[in-house]
Each structure stands twice: as structure tokens, then as C-alpha cells.
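Accompanying notes for the structure given below.
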Amino acid sequence: MKTQFMKGTAAFLAGSFLCAGLVLAGKVSIKGQGTVNNQEALIIDEIFAEQGSPWDGEQCVWWTGNENITFFIVDFGKVLLLKDILLQVDNNDDYAVEYSEDGKAFSPWLMIKSGYGEIGDGMDTLSSDADHPDYVQELDFEPVNARFIKIYAVEGDSSYSVSELQFTKESLPVTTE
């Protein structure tokens, strides 16, 4: 199923993620821009495609061409302290991940390179958590405050895919004046 979206939003209430004890509770939504195959909500549905599975599988949101034009923005509903990332992307492409507190000004955060991970063909799971079996040292980062995360393809074979984005987080304390 091919989906054209710009203003549509998919939302769900997340529970506990199954992989490596990552937890993300609360209302999370995702929206995107571009023409893709499959619904963007698959990116935040807590279900990973099988390691090495085809980039254009039913659990993947995939597109061709248009680096930097097709993107997805995850909205956590409030600013959180993000501590680790667990994601699954097509193994032979580069992706950029950016963060923002307001959804307008995004800052560069992570570059997912095609050489990361251990999968030679298809979907590859990558983690910044040193205790996770798919740990990639190059993804280690200092925790950031973010309400929004943006992911998009930067370079590759013009056939791109994202299956899942998950985060370890902490709620920030509420301040009153």
C-alpha cells in the first residue's frame, strides 16, 4: 500500500518495549512527509522486522529516491531526557536522526552509517545501549532533552526503509514558578 502523507498523524499509547528493557510510556505520535509504502505508524508500533528481512517487507515503511525529502517526526507529547536509541533500518543506507524540543528547530544528533551493524543484506537492528546484543559503539551519545525526533535518509542506494524507533527515556521534573 502506497501512502502519501504530509499532515496526517498516526498515534498510539505505548506500553513497555520488549527489547532490552527499553521503556517508553505515554502517548506517542508520528507524522511524515513524502510518498512511502506502508503506514508510518509501523515505525512506532514496537514490532521489529526479522533481522536481515527484505527492506520492502510488510513491517517496514519504505520509499525510493528523495533523500532528505521524505522524513518522519516522532512526537513524545512532552520533553523527555532520551538516554538510548534502538532502531531498525535498511542496512546499506545512511540515515540522519535529529532532535528538537519545539518541533521547529531541529539539531543534528546521530548519523546511522551503512557500515554499522552486522547484517549484510536487509533490515538491521542497531542500539546505543552497551548491554543490548545489537550495540553499535558509534551510536553512543550524551542524553538529550527532546520532544521530537526526526529521521530521514541521507545517502544510499535510493531504496530506503525504517521499521522501528524506540528510546530509553526519563521524564523531566515539572517546574513551577
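Throughout, read-outs are computed from the coordinates displayed, never taken from laboratory work. All values derive from a computational prediction rather than experimental measurement. In this analysis, Cβ positions are derived from the backbone assuming ideal geometry, glycine residues included, and neighbour counts consider all displayed protein chains.
Tell me the label-point distance for the pair Phe141, Ile47, using the 7 Å Cα-to-Cβ offset, in nm and rounded to one decimal.
Going from the Phe141 label point to the Ile47 one covers 2.7 nm.
Could you calculate the contour length gain from Glu155 to Ser29, that is, 0.36 nm times the residue separation minus the distance between their Cα atoms, to one decimal place in nm?
42.8 nm
Assuming 0.36 nm per residue, please report the length gained on full extension of the stretch Ala130 to Lys78 beyond their Cα-Cα distance.
Answer, rounded to one decimal: 16.1 nm.
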